[in-house]
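Notes for the one structure printed next.
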Amino acid sequence: MNKKRLRAYVLICITIIFWGVSFFWTNRLLNLGIPVFFLIFTRISLAALILFVTGRSLGLIEKLRRKKDLLWFFALALMEPFFYFIGETYGVKLTASPSLTSAIVSSIPIFGLIAGVTFYKEKVSVKNIIGIFLTVPGLLMVIFGKWGFNLTNAEGMSGTNMPLGIAFLFMSVLAAVGHTVIIKRMTMYYNAFTVTFYQHALGALYFILPMLLYDIPKMDVPAVLTDWNFWYPILILAVFCSSLAFFLFTLSIKELGITRTNTFIAIIPIVTAITGVLLGIETIEWIQGVGIVVVVGGVILSQLRSDNQLHSDTQSRSRRN
């Protein structure tokens, strides 16, 4: 293994750790009573500001080449962060389980594989298909295991709504898939940093109106903005879990490729579960543990490439060299 590839593996592992613990920081802010739209707007705006300053300083942000590309960037931002973060954040709030949230979100590569076949005619091997079907029982064990296979409010946890929370989580999954379909198109014309910047900058705009309508009237904005208990988690989310994580993710894709990099998303529920246990703020039933293992195994299997695909990639690299 060469140094570049080793560095890429280190970077993607760091990225997955950031994303795995991000659910707890989001949950912490929600427990403080921070409204969802205000939370997301602040996180995305700070991330966009960081990307803008970094991009302008290093000359990484490209100018728009075509007017219609702006519409594509708006569509990209609508899928993620708008729909995605609403689904994820409300999912965390309503299920009150970061591990459950993480496990469902980890199914993104599965649905992404289906989208790749549908929109880009990507080749799928038998191993990929087996992996897709293998994740179904795993997801069922994760979703229903903790509450005795009963879709009701979590016992002893007021304010939670499991069915609606799960629906929001799968909304975030579908939004992420739509984001993947659009981003594949946009990266044909712009570098990854430019796409990431516009995604965050335009995404923040989507949250202004709902934040002003639903959140600002019922919150004490000066009190929140002067509270370090708010800024500490939100800065961690913006700096590490948004700006830095997506930057490292992009570097990993450049060296490892999309398929191999996306496989690591399956590790997110493991990071989240271990973190929750270590912090003593969440317990995992044995059937959920089995379900997480099955989900992770299915996701990894769904991302494996056949010998013919690997041989084709080798020939492509040889032609370029």
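For the structure I just gave you, tell me whether Thr15 is assigned to a helix (DSSP H, G or I) and crowded, with 21+ Cβ neighbours inside 10 Å.
Yes: the conditions hold for Thr15.
The residue of segment 224-253 that is nearest to Trp25 (Cα to Cα), among those that are of a type outside the set (Ser, Thr, Tyr) and out of contact with any helix residue (DSSP H, G or I) (no Cβ under 9 Å at 6 or more places or on another chain), is Trp228.
For the criterion of being at pLDDT 95 or above and buried (at least 23 other Cβ atoms within 10 Å of the Cβ), Ala47 passes.
Select from segment 151-177 the residues that are at pLDDT below 85 and closer than 25 Å to Leu113 by Cβ and write down the one among them that is nearest to the chain's Cα centre (by Cα). The residue in question is Ala176.
The listed residues are Leu237, Leu225, Leu279, and the only one of them that is among the aliphatic types (A, V, I, L, M), over 30 Å from Arg65 (Cα atoms) and surrounded by 15 or more Cβ atoms within 10 Å (Cβ to Cβ) turns out to be Leu237.
Just one of (1) free of Cβ contacts under 8 Å to residues at least 24 places away in the same chain; (2) under 24 Å from Arg185 (Cα atoms) fails for Leu58. It is (2). Listed conditions (1) outside any helix (DSSP H, G or I); (2) surrounded by fewer than 15 Cβ atoms within 10 Å (Cβ to Cβ); (3) touching a Lys or Arg at 6+ places or on another chain (Cβ under 9 Å) are all met by Met188, apart from (3).
Among (1) more than 29 Å from Leu202 (Cα to Cα); (2) part of a helix (DSSP H, G or I); (3) modelled with pLDDT under 75, which single condition is Ile129 missing? Status for Ile129: all satisfied but (3).
Looking only at residues of segment 260-308 that are assigned to a loop (DSSP other than H, G, I, E, B) and closer than 18 Å to Val105 by Cβ, we find that the one that is modelled with the highest pLDDT is Ile284.
The requirement of being small (Gly, Ala, Ser) and modelled with pLDDT of 70 or more is not satisfied by Gly257.
Name every residue in segment 265-286 that is acidic (Asp, Glu) and either in contact with a Pro (Cβ under 7 Å, 6 or more places away or on another chain) or within 20 Å of Cys13 (Cβ to Cβ) (or both), in order of residue number. Lay out the reasoning, then the answer.
Taking segment 265-286 first, the residues acidic (Asp, Glu) are 282, 285.
Residue satisfying the conditions is Glu282 alone.
The values are calculated or read from the model by the stated rules, or taken from the named source; none is laboratory data. The model shown is predicted, which means the values in this text are computed figures rather than measured ones. All Cβ positions, glycine included, derive from the backbone under ideal geometry; neighbour counts span all protein chains shown.
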